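What follows is a short report on a single structure.
The values are calculated or read from the model by the stated rules, or taken from the named source; none is laboratory data. On a predicted model such as this, the values are computed, not experimentally measured, just so you know. Note that we place each Cβ from the backbone using ideal geometry, even for glycine, and neighbour counts take in every protein chain shown.
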Amino acid sequence: MKEANSFLKAGEIARLATKVASEKQASDVLMLDVGGVCSFADYFVICSGDTKRHIEAVWQGIIDEMKKSGVALYHKEGTSDSGWMLVDFGSVIIHIFTPPERDYYQLDKLWSKAIPVLRIQ
């Protein structure tokens with residue numbers, strides 16, 4: 001896996017993203033160890049925000065915290081208007097959805113063979 005340019009390991013990056021999402025009041029925050037079933041990442045963090053503005057705040061909060069921690073951002077995509085935003089830190093990918101988009105894409109089910117590490121309802 002490609003590792004972010006920081007002193008943090010993939011699991012630490014995923015836990016930090018989970019913490020920030022929770023602090024930003026994201027709901028149903030799920031950290032998955034996808035390393036055994038995915039060739040392009042070690043962890044996914046999936047969470048929901050109530051509104052477009054909320055998912056943008058969670059997205060920006062995670063980006064800001066990772067920057068402070070020296071974690072390199074590889075890619076970001078999506079818009080709050082689409083109801084889905086993604087942040088890619090190499091070995092850790094964070095998906096932030098509005099509830100209807102999360103229900104539609106069902107990443108939780110798609111990656112059901114991954115190991116759930118942490119879930120914050």
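General observations
- Scanning the range 22-42 for residues that are of a type in the set (Gly, Ala, Ser) and more than 16 Å from Arg119 (Cβ to Cβ) yields Gly35, Gly36, Ser39, Ala41.
Table: residues versus (1) touching a residue at least 24 places away in the same chain (Cβ under 8 Å); (2) among the aliphatic types (A, V, I, L, M).
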{"position": "Ile46", "(1), (2)": "yes, yes"}
{"position": "Gln60", "(1), (2)": "no, no"}
{"position": "Gly83", "(1), (2)": "yes, no"}
{"position": "Val87", "(1), (2)": "yes, yes"}
{"position": "Tyr105", "(1), (2)": "no, no"}
{"position": "Leu110", "(1), (2)": "no, yes"}
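- Matching option when the condition is of a type in the set (Gly, Ala, Ser) and closer than 19 Å to Lys24 by Cα, among Ser82, Ser69: Ser69
- All positions within the range 10-26 that are of a type outside the set (Lys, Arg) and either buried (at least 19 other Cβ atoms within 10 Å of the Cβ) or part of a loop (DSSP other than H, G, I, E, B) (or both): Ala10, Ile13, Ala14, Leu16, Ala17, Thr18, Val20, Ala21, Gln25, Ala26
- Of the strands (runs of 3 or more DSSP E) lying entirely inside the range 27-121, the ones with 1 or more residues being at positive phi and at pLDDT below 95 are found at 75-79.
- Hey, Ser48 hydroxyl-bearing (Ser, Thr, Tyr), within 20 Å of Lys113 (Cβ to Cβ) and buried (at least 17 other Cβ atoms within 10 Å of the Cβ) or not: no
- Flag: Thr98 does not match the condition of being of a type in the set (S, T, N, Q), out of contact with any His (no Cβ under 9 Å at 6 or more places or on another chain) and either free of Cβ contacts under 8 Å to residues at least 12 places away in the same chain or more than 12 Å from Ile13 (Cβ to Cβ) (or both).
Residues are listed down the side, and each one gets a yes or a no for (1) surrounded by fewer than 16 Cβ atoms within 10 Å (Cβ to Cβ); (2) small (Gly, Ala, Ser):
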position: Ala72; (1), (2): yes, yes
position: Asp81; (1), (2): yes, no
position: Trp84; (1), (2): no, no
position: Phe89; (1), (2): no, no
position: Ile96; (1), (2): no, no
position: Pro99; (1), (2): yes, no
position: Arg102; (1), (2): no, no
position: Gln106; (1), (2): yes, no
position: Ser112; (1), (2): yes, yes
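- Selection from the range 30-51 of residues that are under 11 Å from the mean Cα position of the chain (by Cα) and of a type in the set (S, T, N, Q): Ser48
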